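One structure is given here, and the rest of the page talks about it.
The values are calculated or read from the model by the stated rules, or taken from the named source; none is laboratory data. Remember, predicted model here, so these are calculated numbers, not experimental data. Virtual Cβ from ideal backbone geometry, glycine too; neighbours counted across all protein chains shown. The area values use the complete protein model at the heavy-atom level, side chains included, leaving out ligands, DNA and RNA. Shrake-Rupley method; radii C 1.70, N 1.55, O 1.52, S 1.80 Å.
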Amino acid sequence: MQLYFAPLEGITDAIFRRVHHDTFSGVSKYFLPFVSPSESLSYTIRQEAEISPALNAGLPAIPQILAKKADYFLGMAKVFADNGYPEVNLNLGCPSGTATGKGKGAGMLKNPDELCRFLDDIYAKAPLPISIKTRIGFDSVDEWPRLREVFSVYPIHELIIHPRTRNEQYGGTAHRDLPLSFSAFPYVYNGDIFTVADYQEISALFPGASAVMIGRGAIANPALFQEISGGTPLTLDLLALFHDRLCAAYLKSWPQSAAIGRMHAIMRYMFMCFDAPERYRKEIGKTANLDAYSDAVSRLFHECPFKETPSFVPNRP
């Protein structure tokens, strides 16, 4: 079964992907954080860096588009095709109010008839294979049967399914009792895979899945893909190596304040590899320059016990 790295906005940028790929093995595809095109197909300097073929050279990188207008999607898809990407992913899963309020992401699931018209247009004129990342509904799991009907008639390259509704966000538990398989195209399971045991459970529940996609679990434990594939599990030394390579790469490309800010965001996941890291979390969160940050991180790695099974810990009621 293949292993996909889910995109996390503000975390899995081009630098993170490159350093992760150079440090760990096991990832079959890295999905890029979405681009939301306008009529002019313009994008920010940061987005341009994210989708640059040069920065993603040698990586199995797949771009993702967030759009509700077929012309915008197709225009951006052509840009990706012209730049040599093998496929493009349509984001129907983003649950943020900013996206859904504009009828994008999971907001497109609210009206299956409109979604059909959109899919008719993009699949009729697609310049390259289109995969889809979706949730199982907007308000209720009862919407899934109708959405299954919609998806089943299109030549979807792969359907990546996160079995939660938009309103559930990332809370509660994923609906693993729903029928997720399709006969016409491959399907991929995404959601709540934080350990090797989680992966094994999903593999048993969905033996027909062509791949699994992992996001938060692979930020907290960046060796998770490697371990699932039979490689070396995460150790304190390996985590420290990854951290130091990441920090050095950001400092080489970004201003110090921006680099430290990004490392703060990544550390929120890395803290989950340690037992009782609260004091260190506060110390590191207060740092604003490289010397203070490096000293605080060094204390964490040298003083705080490393978990026997490091993994993401969801914050659930």
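Residues that are in contact (Cβ under 8 Å) with a residue 12 or more places away in the chain and open to solvent by 50 Å² or more (accessible area, probe 1.4 Å) within segment 54-68 comprise Leu55, Gly58, Lys68, listed in sequence order. Restricted to segment 15-113, the set of helices (runs of 4 or more DSSP H) holding at least 1 residues that are out of contact with any Lys or Arg (no Cβ under 6 Å at 6 or more places or on another chain), over 19 Å from Pro129 (Cα atoms) and of a type in the set (Asp, Glu) comprises 45-51. Of the residues Leu180, Leu147, the single one that is open to solvent by less than 60 Å² (accessible area, probe 1.4 Å) and outside any loop (DSSP other than H, G, I, E, B) is Leu147.
Which members of segment 150-170 meet the condition of being closer than 15 Å to Gly93 by Cα and open to solvent by less than 30 Å² (accessible area, probe 1.4 Å)? Walk me through it before giving the result.
First pass over segment 150-170, keeping only residues closer than 15 Å to Gly93 by Cα: 151, 158-170.
Those that are closer than 15 Å to Gly93 by Cα and open to solvent by less than 30 Å² (accessible area, probe 1.4 Å): Phe151, Glu158, Leu159, Ile160, Ile161, His162, Pro163, Arg164, Thr165.
Among the residues of segment 69-108, those that are surrounded by fewer than 21 Cβ atoms within 10 Å (Cβ to Cβ), among the aliphatic types (A, V, I, L, M) and touching a Leu at 6+ places or on another chain (Cβ under 8 Å) comprise Val79, Ala81. Looking only at residues in segment 44-53 that are farther than 21 Å from Ala126 by Cβ and surrounded by fewer than 18 Cβ atoms within 10 Å (Cβ to Cβ), which one is modelled with the highest pLDDT? If we take residues in segment 44-53 being farther than 21 Å from Ala126 by Cβ and surrounded by fewer than 18 Cβ atoms within 10 Å (Cβ to Cβ), then Ser52 is modelled with the highest pLDDT.
Just one of (1) farther than 20 Å from Tyr269 by Cα; (2) at pLDDT 95 or above fails for Met213. It is (1).
From the list Ala204, Ala197, Ala218, which residue is of a type in the set (Gly, Ala, Ser), over 24 Å from Leu115 (Cβ atoms) and crowded, with 19+ Cβ neighbours inside 10 Å? Spell out how you get there, then give the answer.
Details: Ala204 fails: crowded, with 19+ Cβ neighbours inside 10 Å; Ala197 fails: crowded, with 19+ Cβ neighbours inside 10 Å.
The unique qualifying residue is Ala218.
Matching residues to (1) basic (Lys, Arg); (2) modelled with pLDDT under 95; (3) more than 23 Å from Ala209 (Cβ to Cβ):
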site: Gln2; (1), (2), (3): no, no, no
site: Phe5; (1), (2), (3): no, no, no
site: Glu9; (1), (2), (3): no, yes, yes
site: Phe16; (1), (2), (3): no, no, yes
site: Phe24; (1), (2), (3): no, no, no
site: Tyr30; (1), (2), (3): no, no, no
site: Val35; (1), (2), (3): no, yes, yes
site: Ser38; (1), (2), (3): no, yes, yes
site: Ser42; (1), (2), (3): no, yes, yes
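Which of the following residues is farther than 18 Å from Ile11 by Cβ and among the hydroxyl-bearing types (Ser, Thr, Tyr): Tyr280, Tyr269, Tyr250?
Working: Tyr269 fails: farther than 18 Å from Ile11 by Cβ; Tyr250 fails: farther than 18 Å from Ile11 by Cβ.
Criteria check complete, one pass: Tyr280.
No other residue among Asp198, Asp192 is under 19 Å from the mean Cα position of the chain (by Cα) and without any contact (Cβ under 8 Å) to a residue 60 or more places away in the chain apart from Asp198.
If you go through segment 224-236 and keep only what is closer than 18 Å to Phe271 by Cβ, open to solvent by 40 Å² or more (accessible area, probe 1.4 Å) and outside any helix (DSSP H, G or I), you end up with just Thr235.
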